[in-house]
Number of protein chains: 2
Amino acid sequence: MKVDIHAHILPETWQDLKQKFGYGGFIQIKHIEKGKAHMIRDDGRFFRAIEQNCWDPEAIIEDMDRDNVRIKVLCTVPVLFNYWAKAEDTYEWCRFLNDHLAEVVEQYPLRFIGLGTLPMQNIDLAIKEMERCNALLGMPGVEIGSNINDKNLDDPEFYPFWEAAQDLNVSILIHPWEMMGEKSIPKYFLPWLVGMPAETSRSICSMIFGGIFDKFPKLKVMFTHGGGAFPFTLGRINHGFYARPDLCAVHIQNPPRSYIGKFYIDSITHDEEALRYLLDMFGSKKIAFGTDYPFPLGDLEHGKMIENMEDLPLAVKEDLFINTAFEFLGLKKSDYF
Amino acid sequence: MKVDIHAHILPETWQDLKQKFGYGGFIQIKHIEKGKAHMIRDDGRFFRAIEQNCWDPEAIIEDMDRDNVRIKVLCTVPVLFNYWAKAEDTYEWCRFLNDHLAEVVEQYPLRFIGLGTLPMQNIDLAIKEMERCNALLGMPGVEIGSNINDKNLDDPEFYPFWEAAQDLNVSILIHPWEMMGEKSIPKYFLPWLVGMPAETSRSICSMIFGGIFDKFPKLKVMFTHGGGAFPFTLGRINHGFYARPDLCAVHIQNPPRSYIGKFYIDSITHDEEALRYLLDMFGSKKIAFGTDYPFPLGDLEHGKMIENMEDLPLAVKEDLFINTAFEFLGLKKSDYF
């Protein structure tokens, strides 16, 4: 039985946000036929085709049962973060999404765990909603973007947020979105294939070099997609620290490599050798099985690759599939199994 | 004895280009004291401090002799590409740089090999100068940027260039510069630590998905810094091909993984495990030892890490240190050793 730390869900429908808030830029959902819908920008541009398993808990559970997934940790789809909008409006939107997600979890409390979404463009409101997610909605964590309106995660503006998350013991999943340089790579799905891994490295490096893990040592943070471009380029990043301390050793005394172990990553690599590389670097206690379900770039076979890696010790697989997720989320396995 | 496929040089001095061409945006060199100079943008902004070994062949050879490097393959410093300038002006600038580099090589023909630089913003002029580099200056290859004024390397505008390079049997070193999204990551040296690896993945993916390796199957291309973010994210990239063929399989029939073996990379990873990962993926016949000398982010120990990897077979080390470079450049080892 497996826990999927990284899966997405959205409500079956929602209000016309352009109409509601009086300005455009939002994503709407348009149901095309039974079980099929389009996510559409409110200027009419097509964003993405989705299916029943993007909004229907029962369809999701059907897939979970097929692939022996006991629990999915669900969060919203990053294009719905809406950090660019007016903070009050995003706050209202986040409350709507979080209430929806809490209802899904309430309906299937042993199958789903929810991570909330926050109006990160306003830290006071973000903290307020994080507190509500935690205290009222029973969510052990939240999902935030890898940058907030192009502000990096080391920005002092976010210190109170990290502090509150640490105090509340709220776990944070950091998901790439608004990828740096994505306008330069419009073709071939490259914002997802090149931009997202870069974006994840950007967020990890910003937090390391910005001293966030030193300032908030109890913070529990997970990065997605196997850490993106970061793990393989750590040699370069670490060397950079020694090569240009004037630029890199501004907030930290120890090299980037010493921060391995201070954050989590998910397992999504689509490559056995890459996963082995991650296991060597991070250890199985810091890697949790994830899928990016239900999107086609995700692992829609739910860990089949890992299951088939016969040389991986059972204990390692148990960490990946179960233990790390509970550890990261601060939840008790015995409450679910 | 080793061959370093990736090292940089610039002339000791050059004309004031702002004055010469009548507009600004160029880099100038200002000598501060004996053996020390600054590269300065012509609006006065400091770019980088350099030392004697950035312009003086004898200082370079001193370092080479210290570290048992027989040959350095030299190319210009990417900030001097000047693709943004008027094409005629860059053409003139490239001729100046290439003449300088050819002189250095002529002076030490058994210690240096030169890779030319080209006015890539005008393909006719780029081809003309590539022909001159090849036929008149005796250069086996050229260095170009990972994008040309934000045009990706799959742009049909570059087809005649690839065709000419293939016909002339000119080898092409692709170096990251004008990194996508670099304005979003101004701190902590991140344009170099996050932007450059992303940029290299951008260039590899653009060439793969754009079908360049199919259209020009004899093209000899090398990417720097161990392939940047590409190798570790190949699982994701390959999965993307199957997940979204509507976006990814536009110009190619076979998955990205099938293109491994169709291009070269250098060895610069600063990490033993990363290099082992590359050797597993690409094989030693496609990886050439490089340093990024003389810059501090480079391997200024000239391959000490590789030398100390005792489990690497001698044949693998010989490929990395010698054979792959000659193969890539189309040169005969016996002419140098």
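The values are calculated or read from the model by the stated rules, or taken from the named source; none is laboratory data. Keep in mind the model is a prediction, meaning the values are calculated, not measured. FYI the Cβ positions are ideal-geometry reconstructions off the backbone, even for glycines, and counts take in every protein chain you see. Keep in mind that these areas ignore ligands, DNA and RNA; they rest on the heavy atoms of the full protein, side chains included. Shrake-Rupley method; radii C 1.70, N 1.55, O 1.52, S 1.80 Å.
Numbers for the structure displayed
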quantity	calculated
Residue check, B:ALA315 away from every other protein chain (no Cβ under 13 Å), farther than 30 Å from B:LEU168 by Cβ and small (Gly, Ala, Ser)	yes
Residues that are of a type in the set (Phe, Trp, Tyr) and either closer than 25 Å to B:SER206 by Cα or open to solvent by 20 Å² or more (accessible area, probe 1.4 Å) (or both), drawn from region B:105-152	B:TYR108
Subset of region A:81-97 [part of a helix (DSSP H, G or I) and more than 20 Å from the chain's Cα centre (by Cα)]	A:ALA87, A:GLU88, A:ASP89, A:GLU92
Subset of region B:254-288 that is more than 14 Å from chain A (Cβ to nearest Cβ) and farther than 19 Å from B:SER201 by Cα - its residue that is surrounded by the most Cβ atoms within 10 Å (Cβ to Cβ)	B:SER284
So B:ASP43, is it assigned to a helix (DSSP H, G or I), of a type outside the set (Phe, Trp, Tyr) and open to solvent by 40 Å² or more (accessible area, probe 1.4 Å)	no
Test: residue in region A:12-29 that is touching a strand residue (DSSP E or B) at 6+ places or on another chain (Cβ under 7 Å), among the β-branched types (Val, Ile, Thr) and not in a strand (DSSP E or B)	yes
Selection count where residues are among the aromatic types (Phe, Trp, Tyr) and open to solvent by less than 10 Å² (accessible area, probe 1.4 Å), scope region A:71-92	1
Residues that are part of a loop (DSSP other than H, G, I, E, B), open to solvent by less than 50 Å² (accessible area, probe 1.4 Å) and of a type in the set (A, V, I, L, M), drawn from region B:289-330	B:LEU297, B:MET309, B:LEU312
Complete set of residues in region A:98-126 that are touching a helix residue (DSSP H, G or I) at 6+ places or on another chain (Cβ under 7 Å) and part of a helix (DSSP H, G or I)	A:ASN98, A:VAL104, A:GLN107, A:ILE123, A:LEU125, A:ALA126
Positions within region A:182-232 being open to solvent by less than 10 Å² (accessible area, probe 1.4 Å) and charged (D, E, K, R), in sequence order	A:GLU199, A:ARG202
Region A:192-214, residues that are touching a Cys at 6+ places or on another chain (Cβ under 7 Å) and either β-branched (Val, Ile, Thr) or more than 18 Å from A:GLU182 (Cβ to Cβ) (or both)	A:VAL194, A:PHE209
Residue in region A:59-70 that is under 22 Å from A:LYS220 (Cα atoms) and either open to solvent by 30 Å² or more (accessible area, probe 1.4 Å) or out of contact with any Asp or Glu (no Cβ under 6 Å at 6 or more places or on another chain) (or both) present	no
Residues (among the β-branched types (Val, Ile, Thr) and over 18 Å from A:ASN98 (Cα atoms)) located in region A:126-176	A:ILE148
Check on A:THR269, on the phi < 0 side of the Ramachandran plot, polar (S, T, N, Q) and in a helix (DSSP H, G or I)	no
